[in-house]
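Q: One structure, as structure tokens, below. Some questions next.
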Amino acid sequence: MTQSTRWFWLTIFLLVSTLLYLLAPILLPFISGALLAYIGDPLVDRLEKWNISRTLSVIIVFLFVFLLIIPVLLFFIPLIESQIKLLFTKAPGYIDWLMINLEPMLKDKLGISVPALETEQLKETFAQQFSGVGNFLKSLIRTVTRSGLVVAGWAANFFLIPVICFYLLRDWDKLVAYIKDLIPRNIEPTISLLAKESDEVLAAFVRGQMLVMLALGIIYAIGLKFVGLEFSLLIGMLAGILSFIPYMGLIVGILVAGIAVMLQTHDPSNLIWVSLVFIVAQVIEGTLLTPLLVGDRIGLHPVAVIFSVLAGGQLFGFFGILLALPVFAVLAVIMRYFHRSYKGSNLYETQEELIADIEDQQPENNSGKVS
């Protein structure tokens, strides 16, 4: 690569980075639409193989997703809302039980005393929150409508995301071919190879991991329901959502479900059944769900996954957490390519030859010293 070529690509990188930084406030619907288009592209491609036009295939996929999501939302939202109401209703009783059973132990073992005033304030807070749970949507609408710009922004994003997704999904193959045609011919095979590997990793993660999260959430919820936990759906879905971080869903789920079952039944033996639910779910995930839906193509170390999620949250907030793993998966593909290139380079071979020469010379030097 010549000096002028390096400066050209460096200038392009700086310009793109500056534009992304300046346009960050309006990128949410475009990134969301692109992610949804990427997820839906295989379905559209499969319909095209049945001699259905690209536009009609996109419309069919949109209708299918709409008809699938709406009943699910209509089924789950009332259930989750009822469990939240139940939580706020029973919270004061749980606080009283904790104070009766936990406070003496804290005072005797650790010397910590919890003032009664604080517990009363905590129960008051739960009672106040519960009074507003039933009218949550109304209060949310009243709050949001006080700012016309906020309403306009959310409404624009709400309507722009499906529109952007539709047009990107319709022209996805053309856009990919256009970008491929712009790549310099001398590096196009390498870029195409990296793009193919990245696509396999992203497909395994984005599409597969979402299905694994949903399946785990359902398994957790059903299992905890059999245990008799009142907040089984709420805790199960929470653990399922957190399962995209290795062991996070398992740890948080066991802790939250264990505390909930103790507060509800006051019987420590139920902790065994809660643990059994999560162990069985982990066995199903490891032996069936992950091999079938995700496969072994991601190859991300758990520590690297945790670091990428924390780094994404620190740099870009909640949206950074969502994008951390897909971006890190692509970076891992690029880093593996550089690793292969380095192992096959003259630099690496020269270092190996130098070490081999040193090792070959050592016996001769030692034998000379002995003689």
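The values are calculated or read from the model by the stated rules, or taken from the named source; none is laboratory data. As the structure is a prediction and not an experimental result, all values here were calculated from the model. Reconstructed Cβ throughout: ideal geometry from the backbone, glycine too, with neighbour counts over all protein chains shown. Just the protein is used for accessible areas: all its heavy atoms, side chains included, with ligands, DNA and RNA removed. Shrake-Rupley method; radii C 1.70, N 1.55, O 1.52, S 1.80 Å.
Q: Working from the alpha-carbon coordinates of the range 151-219, get Rg over Rh, Rh being the Kirkwood radius.
A: Radius of gyration over Kirkwood radius for the range 151-219 works out to 1.13.
Q: A follow-up question, please. Using packing as a proxy for protection, rank 259-267, 74-82, 192-200 so that the peptide with the highest average count of other Cβ atoms within 10 Å comes first.
A: Per-residue mean Cβ counts within 10 Å order the peptides as 259-267, 192-200, 74-82.
Q: Which whole-Hz couplings ³J(HN,Hα) result when phi for each residue of the range 276-288 is put into the Karplus expression 6.51 cos²θ - 1.76 cosθ + 1.60, θ = phi - 60°, listed in order with x for Gly and Pro?
A: 5, 4, 6, 5, 4, 4, 5, 5, 4, 5, x, 9, 10
Q: Sticking with this one: Using a 1.4 Å probe and ignoring any ligands, DNA or RNA, find the accessible area of Leu234 and quote it in Å² to the nearest 10.
A: Surface open to solvent at Leu234 totals about 50 Å².
Q: 7 Å from Cα along Cα→Cβ at both Arg207 and Ile183: what's the point-to-point distance in nm?
A: 2.0 nm
Q: Just to verify a number: FRET efficiency for Phe76 and Trp7, C-beta to C-beta distance, R0 = 51 Å, to 0.05?
A: Calculated transfer efficiency: 0.40.
Q: Right, something else. Probe radius 1.4 Å, ligands and nucleic acids ignored: give me the carbon and sulfur share of the accessible area of the range 200-350 as a rounded percent.
A: The computed percentage sits at 77.
Q: For the range 222-293 and the range 48-85, what is the separation of their Cα centres, given in Å?
A: Cα centroid to Cα centroid, the span is 27 Å.
Q: Rank these residues by their accessible area, most exposed first, probe 1.4 Å: Trp273, Trp97, Trp50.
A: Heavy-atom accessible area, descending, gives Trp50, Trp273, Trp97.
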